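Enquirer: Quick one: the structure is below, and I'll ask about it shortly.
The values are calculated or read from the model by the stated rules, or taken from the named source; none is laboratory data. Just so you know, these numbers come straight off a predicted model, no measurement behind them. Note: ideal-geometry Cβ built from the backbone for every residue, glycine included; neighbour counts use all protein chains shown. Remember, those area values only see protein heavy atoms, side chains included, never the ligands or the DNA or RNA. Shrake-Rupley method; radii C 1.70, N 1.55, O 1.52, S 1.80 Å.
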Amino acid sequence: MEKFAVGQAVRRREDERFLTGGGQYLDDIVLGNMCHAAVVRSPHAHAKILGVDTSDAQAAEGVVAVFSAEDYMKEGYGPFPTLTAIDGVDEHGVRHPERHALTGDVARFVGDAIALVVAETRQQAKDAAELVMVEFEDLEPVTDLATVLDEETPVIWPDLGAGNLCYTFFKGDLAKTDAAIEAAAHVVELDLVNNRLAPSAIEPRGAIGDWNAEDGQHVLYVSGQAVHAQKGQMAAAIFKVDPEKIRVIGPDVGGGFGAKNFVYPENVLVMWAAWKLGRPVKWVAERGENFLSEIHGRDHLTRTSLALDADGRFTALKVETIANMGAYLSSFATIIPTSASWVVMGGIYDIPTVAMEVKSVFTNTVPVDAYRGAGRPEAAYIIERLVDMAARQTGIDRLELRRKNLIRSFPYKTALGMEIDCGAFEQNLDLAAKTIGLADAEKRRKQASRNGKLHGFGVATYLEVTLGNPVDATEVRFEDDGSVTLLAGTQSTGQGHETAYMQILESRLGIPQEKVSFVQGDTDLVASGGGHGGSRSLAIGGTALHLTAAEIIEKGLKAAAHVLEENEDAISFGDGLFSARGTNKSISVLELQNALQEMNDLPDDIPASLSTKGSYEREAFNYPNGTHIAEVEVDPDTGKVDLVGYAVTDDFGHIVNPLIAEGQIIGGSVQGIGQAMLEGVEYDPESGQLLTGSYMDYCMPRADDLPAIQVGLNQDAPTKTNPMGVKGAGEAGATGAPPAVVNAVCDALSEYGISHIDMPLTSEKVWRAIRSAGT
């Protein structure tokens with residue numbers, strides 16, 4: 001049992017099937033009599049649709065049907081839902097434009113869906129989609145965040161009023177914050193960009209619609225992250241049917257990062273088409289189509305100020321952000337720059353007053369929503385860039401300034417009202433500095449100088465919070481053949497839930513993992529679930545399993561007393577065995593279940609089976625936290641940045657599987673490093689065309705861009721907000737990495753007087769900054 005127990009760094013059991021081709025991803029699924037779909041998309045960022053001619057496409061080889069927006073709207077389906085209830089929005093509320101699966105009046109971004117072609121093969125569908133003739137009248141596109149609210153800027157949704165403003169959000173005490181800034185000995189001001197990103201999971205999006213005529217049920221197979229949420233949203237808002245009339249199945253998923261959480265037009269279209277045609281309909285995005293139609297992340301312009309007293313203590317933080325929503329509101333879009341960000345605004349620092357304003361706006365671009373970290377990386381980037389600039393302005397050492405302002409007593413209530421229960425913030429800072437060898441950094445700086453390079457290191461602390469659906473459920477079902485089925489309401493997209501949950505089950509109940517089958521991602525098999533998102537799975541779903549196991553033990557104590565013919569008071573449980581004190585009688589959980597199955601006429605108070613359903617509802621947030629330190633060398637002649645060292649110390653509370661946790665840290669850090677150094681979605685400001693629609697133009701980090709990332713796990717501050725003492729791990733790397741890398745590069749360039757460069761820090765951008773500083 002011990003080799004697969006909680007705390008052990010065991011390899012993920014699901015990896016064997018993934019690496020040997022045994023997984024089943026969306027595109028591996030082939031249903032009988034299945035046809036294929038292609039989406040006709042707008043080539044214009046902003047244009048009236050004057051007419052759609054489908055006749056040539058309908059006559060093309062292999063075509064089964066062509067559907068237009070007019071066909072779709074005849075069904076009376078509702079618009080796409082968006083979670084718009086946000087505390088802090090002004091009296092005008094959230095302006096929510098209607099979005100349907102196909103648009104028939106105005107195309108509002110390049111890639112907007114206009115028609116659906118269904119054919120016998122994927123290639124036939126693609127070829128026929130080229131034959132759909134759409135007549136457009138060009139309208140001026142809006143892509144520039146800096147001018148989006150200007151009076152002369154064209155309005156994307158004129159019927160909503162207020163120009164291109166979606167909503168205004170405010171949190172904090174503005175008067176107190178302004179007064180503190182006015183009275184401060186030092187004020188650091190910064191305008192920064194949080195660049196737009198393409199999530200780019202290794203598996204593009206895909207969906208298969210089917211129609212179960214016998215049960216009158218729509219069935220959706222989807223490469224997605226939150227099957228229960230998608231089912232509920234589609235049933236209530238779009239199809240307007242009872243929830244049991246929709247089934248959503250998530251097979252193995254090759255990465256999600258937030259982008260696969262949502263109800264997309266294609267998901268609805270294949271379900272509708274399957275019902276219309278009486279045949280399964282499959283759609284799988286090509287990579288370029290994914291860039292054009294999958295949500296993007298981040299995309300903020302922020303003006304921010306940090307005030308300090310004469311001793312270098314922080315006295316106020318003010319943040320004003322313009323956040324891009326894209327052309328439509330995606331499912332969770334409104335909460336990302338607001339509720340998902342303010343909960344950690346100010347990070348791990350004791351800041352007496354904070355004021356935060358967000359103006360969310362519409363542009364003629366792909367909708368923006370949750371991408372790994374979803375609001376928390378933006379908050380960490382703001383405070384950690386400000387702290388580095390404050391250190392430079394005041395002459396206080398960067399680490400010393402951080403130590404001076406750390407939160408030190410718990411529980412701590414932030415200026416915006418969140419209660420942080422625990423943390424070992426200074427210890428994390430010291431451990432990361434030791435790991436990367438910060439004491440010897442000056443030696444490495446001199447060596448780099450001898451080699452003609454500029455050397456710098458960057459420190460960034462971060463504060464995360466476990467968000468997402470606060471409720472989850474698990475079921476442990478004992479089967480007649482002696483095996484066990486574990487059903488989980490969470491959903492893995494590659495994180496290793498299956499292995500971590502087996503470790504919990506084996507540690508708690510002594511059930512060998514080879515006896516257990518794992519079921520997730522099917523709304524007909526798993527009654528409810530919060531899915532994936534907000535680093536919630538282990539803290540909420542894992543705790544639900546922990547509590548389910550406790551209920552099984554409670555049932556088992558009574559049952560074991562009956563089977564072992566002892567008083568219940570004499571029965572104890574440990575190391576996977578129910579034992580009778582003072583005797584040599586014991587029985588394992590599986591043996592007890594088998595004994596119960598074979599017994600007849602059990603007393604009413606003795607369970608016939610140990611099968612149990614359990615759930616857990618989060619009562620309080622927990623706060624993962626840590627420190628990232630990046631070390632860089634910069635070639636002043638070319639602007640090329642080499643990341644030569646990277647260390648992370650994370651506090652995730654108690655660790656179930658260190659190997660999985662380290663994998664999450666490294667993966668998230670690489671995504672954050674990608675944002676800082678390489679990645680950035682760009683649109684042509686004149687035409688609104690996507691300029692970074694492939695990996696030829698959108699630069700992803702590769703192995704040779706990265707050093708070995710050194711990871712330390714600090715378990716000295718477990719949370720008491722859940723009985724396992726665990727904190728979320730999935731998004732932490734992407735939260736801490738961007739400011740660490742940018743701080744390092746700015747440190748390297750400090751001799752030129754360069755204090756800030758906006759992400760991504762491409763060679764050209766760094767080179768231009770050096771040249772500008774030298775003139």
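Enquirer: Any residue at all in the stretch 615-624 that is closer than 30 Å to residue 459 by Cα and open to solvent by 10 Å² or more (accessible area, probe 1.4 Å)?
Expert: Yes, the stretch 615-624 contains at least one residue that is closer than 30 Å to residue 459 by Cα and open to solvent by 10 Å² or more (accessible area, probe 1.4 Å).
Enquirer: Related question: Quickly run through the stretch 68-93 and pick out the residues that are open to solvent by 60 Å² or more (accessible area, probe 1.4 Å) and either within 19 Å of residue 330 (Cα to Cα) or out of contact with any Phe, Trp or Tyr (no Cβ under 9 Å at 6 or more places or on another chain) (or both).
Expert: Passing the criteria: 70, 73, 74, 83, 85, 87, 91.
Enquirer: Here is a follow-up. Go through the stretch 150-167 and give me each residue that's in a loop (DSSP other than H, G, I, E, B) and open to solvent by less than 70 Å² (accessible area, probe 1.4 Å).
Expert: Within the stretch 150-167, 150, 153, 154, 155, 156, 157, 161, 162, 163, 164 qualify.
Per-residue answers, yes or no, for (1) closer than 30 Å to residue 492 by Cβ; (2) acidic (Asp, Glu); (3) touching a helix residue (DSSP H, G or I) at 6+ places or on another chain (Cβ under 9 Å); (4) open to solvent by 50 Å² or more (accessible area, probe 1.4 Å):
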{"site": "12", "(1), (2), (3), (4)": "yes, no, yes, yes"}
{"site": "23", "(1), (2), (3), (4)": "yes, no, yes, no"}
{"site": "39", "(1), (2), (3), (4)": "yes, no, yes, no"}
{"site": "48", "(1), (2), (3), (4)": "no, no, no, yes"}
{"site": "60", "(1), (2), (3), (4)": "no, no, yes, no"}
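Enquirer: Continuing with the same structure: Considering every residue within the stretch 693-704, establish whether at least one is open to solvent by less than 10 Å² (accessible area, probe 1.4 Å) and charged (D, E, K, R).
Expert: Checking the stretch 693-704: not a single residue is open to solvent by less than 10 Å² (accessible area, probe 1.4 Å) and charged (D, E, K, R).
Enquirer: Is there a residue in the stretch 188-196 that is of a type in the set (Val, Ile, Thr), in a strand (DSSP E or B) and touching a residue at least 12 places away in the same chain (Cβ under 8 Å)?
Expert: Yes, there is a match, as at least one residue in the stretch 188-196 is of a type in the set (Val, Ile, Thr), in a strand (DSSP E or B) and touching a residue at least 12 places away in the same chain (Cβ under 8 Å).
Enquirer: Let me ask something else about it. Any idea which residue in the stretch 724-755 is farthest from residue 258 (Cα to Cα), counting only those that are loosely packed, with under 15 Cβ neighbours inside 10 Å and in contact with a strand residue (DSSP E or B) (Cβ under 9 Å, 6 or more places away or on another chain)?
Expert: 751
Enquirer: Run down 316, 327, 285 and say which single residue is closer than 30 Å to residue 758 by Cα, in contact with a Lys or Arg (Cβ under 7 Å, 6 or more places away or on another chain), of a type in the set (A, V, I, L, M) and crowded, with 20+ Cβ neighbours inside 10 Å.
Expert: Only one candidate passes the filter, namely 327.
Enquirer: Which condition number does residue 535 fail, the rest of (1) on the phi > 0 side of the Ramachandran plot; (2) surrounded by fewer than 20 Cβ atoms within 10 Å (Cβ to Cβ) being met?
Expert: (2)
Enquirer: Give me a count of the residues in the stretch 455-479 that are surrounded by 21 or more Cβ atoms within 10 Å (Cβ to Cβ) and more than 26 Å from residue 733 (Cβ to Cβ).
Expert: Matching residues across the stretch 455-479 total 5.
Enquirer: Sticking with this one: Going through the stretch 514-529 one residue at a time, which ones are open to solvent by 20 Å² or more (accessible area, probe 1.4 Å) and under 13 Å from residue 476 (Cβ atoms)?
Expert: Across the stretch 514-529, the qualifying residues are 515, 517, 518, 519.
Enquirer: Criterion first (among the aromatic types (Phe, Trp, Tyr), farther than 27 Å from residue 37 by Cβ and open to solvent by 40 Å² or more (accessible area, probe 1.4 Å)) does residue 170 satisfy it?
Expert: So residue 170 passes the test.
Enquirer: Continuing with this model, one more query. Taking residue 481 as meeting all but one of (1) within 30 Å of residue 631 (Cα to Cα); (2) assigned to a loop (DSSP other than H, G, I, E, B); (3) charged (D, E, K, R), write down the number of the exception.
Expert: For residue 481, the exception is condition (1).
Enquirer: Here is a list: 435, 466. Which entry is part of a loop (DSSP other than H, G, I, E, B), touching a residue at least 12 places away in the same chain (Cβ under 8 Å) and β-branched (Val, Ile, Thr)?
Expert: Unique residue meeting the criteria: 466.
Enquirer: Can you go through 309, 252, 350, 299 and tell me which one is touching a residue at least 60 places away in the same chain (Cβ under 8 Å), of a type in the set (Asp, Glu) and within 30 Å of residue 21 (Cβ to Cβ)?
Expert: 252
Enquirer: Here is a follow-up. Residue under question is residue 630, and the condition is that it be touching a Ser or Thr at 6+ places or on another chain (Cβ under 8 Å), at pLDDT 95 or above, surrounded by 24 or more Cβ atoms within 10 Å (Cβ to Cβ) and assigned to a strand (DSSP E or B); does it hold?
Expert: Answer is no for this residue.
Enquirer: Looking only at the stretch 433-460, count every residue that is more than 26 Å from residue 622 (Cβ to Cβ) and of a type in the set (Ser, Thr, Tyr) and tell me the total.
Expert: Number satisfying all stated conditions: 1.
Enquirer: Report yes if some residue within the stretch 119-127 is part of a helix (DSSP H, G or I) and open to solvent by less than 10 Å² (accessible area, probe 1.4 Å); otherwise report no.
Expert: There is at least one residue in the stretch 119-127 that is part of a helix (DSSP H, G or I) and open to solvent by less than 10 Å² (accessible area, probe 1.4 Å).
Enquirer: Now for a separate question. Is it the case that the stretch 348-364 has a residue that's buried (at least 24 other Cβ atoms within 10 Å of the Cβ) and closer than 21 Å to residue 430 by Cα?
Expert: Yes: one or more hits.
Enquirer: Follow-up question, since we're still on this one. Say whether the condition of being modelled with pLDDT of 95 or more, under 18 Å from the mean Cα position of the chain (by Cα), outside any loop (DSSP other than H, G, I, E, B) and over 30 Å from residue 393 (Cβ atoms) is met by at least one residue in the stretch 250-265.
Expert: yes
Enquirer: Right, here's the next one. Quick check on residue 712: is it buried (at least 16 other Cβ atoms within 10 Å of the Cβ) and within 22 Å of the chain's Cα centre (by Cα)?
Expert: So residue 712 does not fit the description; no.
Enquirer: Between a residue in the stretch 153-173 that is farther than 16 Å from residue 99 by Cα and any residue that is outside any loop (DSSP other than H, G, I, E, B) and acidic (Asp, Glu), which pairs come within a Cβ distance under 9 Å, given they are 6 or more apart or on different chains?
Expert: Once the first residue is farther than 16 Å from residue 99 by Cα and sits in the stretch 153-173, its partners that are outside any loop (DSSP other than H, G, I, E, B) and acidic (Asp, Glu) give 168/357; 169/357; 170/357; 171/357; 172/357.
Enquirer: If I ask for residues that are open to solvent by 10 Å² or more (accessible area, probe 1.4 Å) and part of a strand (DSSP E or B), which ones from the stretch 220-240 would you list?
Expert: The one that is open to solvent by 10 Å² or more (accessible area, probe 1.4 Å) and part of a strand (DSSP E or B): 221.
Enquirer: What residue, among those in the stretch 42-68 that are closer than 10 Å to residue 132 by Cβ and part of a strand (DSSP E or B), is farthest from the chain's Cα centre (by Cα)?
Expert: Checking each candidate, the answer is 53.
Enquirer: Which members of the stretch 420-432 meet the condition of being closer than 30 Å to residue 619 by Cα, assigned to a helix (DSSP H, G or I) and in contact with a strand residue (DSSP E or B) (Cβ under 7 Å, 6 or more places away or on another chain)?
Expert: Once the filter is applied, which keeps residues that are closer than 30 Å to residue 619 by Cα, assigned to a helix (DSSP H, G or I) and in contact with a strand residue (DSSP E or B) (Cβ under 7 Å, 6 or more places away or on another chain), the stretch 420-432 yields 425, 426, 428, 429.
Enquirer: If you check 507, 492, which single one turns out to be open to solvent by 10 Å² or more (accessible area, probe 1.4 Å), touching a helix residue (DSSP H, G or I) at 6+ places or on another chain (Cβ under 9 Å) and under 25 Å from residue 574 (Cβ atoms)?
Expert: So the residue among 507, 492 that is open to solvent by 10 Å² or more (accessible area, probe 1.4 Å), touching a helix residue (DSSP H, G or I) at 6+ places or on another chain (Cβ under 9 Å) and under 25 Å from residue 574 (Cβ atoms) is 507.
Enquirer: Still on this model: Looking at (1) touching a residue at least 40 places away in the same chain (Cβ under 8 Å); (2) surrounded by fewer than 24 Cβ atoms within 10 Å (Cβ to Cβ), which is the only condition residue 403 fails?
Expert: Going through the list (1) touching a residue at least 40 places away in the same chain (Cβ under 8 Å); (2) surrounded by fewer than 24 Cβ atoms within 10 Å (Cβ to Cβ), residue 403 breaks only (1).
Enquirer: Further, regarding this structure: For residues that are part of a loop (DSSP other than H, G, I, E, B) and of a type outside the set (Asp, Glu), scanning just the stretch 644-684, find the one that is most open to solvent (accessible area, probe 1.4 Å).
Expert: 654
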